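A short worksheet on the structure shown next.
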Amino acid sequence: MLVNMKEMLEKAKQNKYAVPHFNINNLEWTRFILEECEILKSPVILGVSEGAIKYMGGYKVVADITKNLINSLEITIPVSLHLDHGSDFANCKKAIDSGFTSVMIDASKYNLEENINKTKEVVEYAKKFNVTVEAEIGHIGGSEDNVNSGILYADVDECIKLVNNTNIDFLAPALGSVHGLYKGEPNLDFNRMEEISKKVNLPLVLHGGTGIPDFQIKKAIACGTSKINVNTELQIAWTKGVRIFLDNDTSTYDPRKIIKSGEDSMKQAIKDKVELFGSKNRA
């Protein structure tokens, strides 16, 4: 069933596990994630970037595909459809109006006052439709960054101000993670993570879940992280399966068979993350 993220993440925070956020890129990826999480009885967040939304045909198309797959596959686990890194109010509004149940407004590139104002505008609109809101503070690095550059760590006091002045549901503080693959060993600030968690008393979100060692993932969950985003790792797993298939079968040209050839390896990656995060049998 399609729900917002409030209950699933509050439950995760209370019971010390994390709900997986897996990014979707097409109908098949959405189906693979839903099917595997249903087997594992794990709640799941389907994250969709603005780029993926454009690729898939628009906000309404993404929402309709998700809702219809949930119905046709008889999915019983809690599922949230979440706009990942919404760049402004207009795009968050499009997602909400199209049936997304959660949105992220990423105004982290602005100063604190502007971040608060832009986030607050989204929250005020989202609350009218029972849609949850995630916000970001600091700067989470990209694949071009190593663990010592490109990352602006979230300030504890600024986190408190952002939460107190916006009424957001979840906070994504930049604490050393990066999007994509890491250049070097991840260097997460667990002390700051735990302090922020205690002082804002909200579920925290960890972006850039790919490539973080298992022991660091478990420590992050212990420090208050209740949602972990994974995208690159699924892309790598799916691509590996497809490459093996195409290397061994040069005659197939049916795109359905090619896309499906990455299913098993992708589902194994999903299973591994669900078990690591502790969300199995939590639906």
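The values are calculated or read from the model by the stated rules, or taken from the named source; none is laboratory data. Fair warning: this is a prediction, and the values are worked out from it, not measured in the lab. Reconstructed Cβ throughout: ideal geometry from the backbone, glycine too, with neighbour counts over all protein chains shown.
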Please find, among G224, G278, G262, the residue that is within 30 Å of A172 (Cβ to Cβ) and more than 20 Å from the chain's Cα centre (by Cα). G262
Matching helices (runs of 4 or more DSSP H) fully within region 1-89 where at least 3 residues are touching a helix residue (DSSP H, G or I) at 6+ places or on another chain (Cβ under 8 Å): 27-40, 50-56, 59-72
Only one of (1) of a type in the set (D, E); (2) crowded, with 17+ Cβ neighbours inside 10 Å; (3) free of Cβ contacts under 8 Å to residues at least 60 places away in the same chain does not apply to E36, and that is (3)
Could you list, ordered by first residue, the pairs with Cβ atoms under 7 Å in which the first is in region 150-162 and under 14 Å from K198 (Cβ atoms) and the second is at pLDDT 95 or above and among the acidic types (D, E), at least 6 apart or interchain? V156/E195
Tell me, yes or no, whether region 42-57 has at least one residue that is touching a residue at least 12 places away in the same chain (Cβ under 8 Å), buried (at least 24 other Cβ atoms within 10 Å of the Cβ) and either hydroxyl-bearing (S, T, Y) or more than 26 Å from N167 (Cβ to Cβ) (or both). yes
Picking from K280, K227, the residue that is under 22 Å from K41 (Cα atoms), buried (at least 18 other Cβ atoms within 10 Å of the Cβ) and basic (K, R) would be K227
Can you confirm whether I270 is at pLDDT 95 or above, over 16 Å from the mean Cα position of the chain (by Cα) and surrounded by 13 or more Cβ atoms within 10 Å (Cβ to Cβ)? no
On the basis of being touching a Gly at 6+ places or on another chain (Cβ under 6 Å) and either surrounded by 14 or more Cβ atoms within 10 Å (Cβ to Cβ) or within 15 Å of I33 (Cα to Cα) (or both), does S261 make the cut? yes
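Yes/no per residue for (1) out of contact with any Lys or Arg (no Cβ under 7 Å at 6 or more places or on another chain); (2) touching a residue at least 60 places away in the same chain (Cβ under 8 Å); (3) surrounded by fewer than 24 Cβ atoms within 10 Å (Cβ to Cβ); (4) not acidic (D, E):
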site: K67; (1), (2), (3), (4): yes, yes, yes, yes
site: N71; (1), (2), (3), (4): yes, no, yes, yes
site: P78; (1), (2), (3), (4): yes, yes, yes, yes
site: D84; (1), (2), (3), (4): yes, yes, no, no
site: S87; (1), (2), (3), (4): yes, no, yes, yes
If you go through region 98-124, how many residues are crowded, with 24+ Cβ neighbours inside 10 Å and farther than 17 Å from A174 by Cα? 5
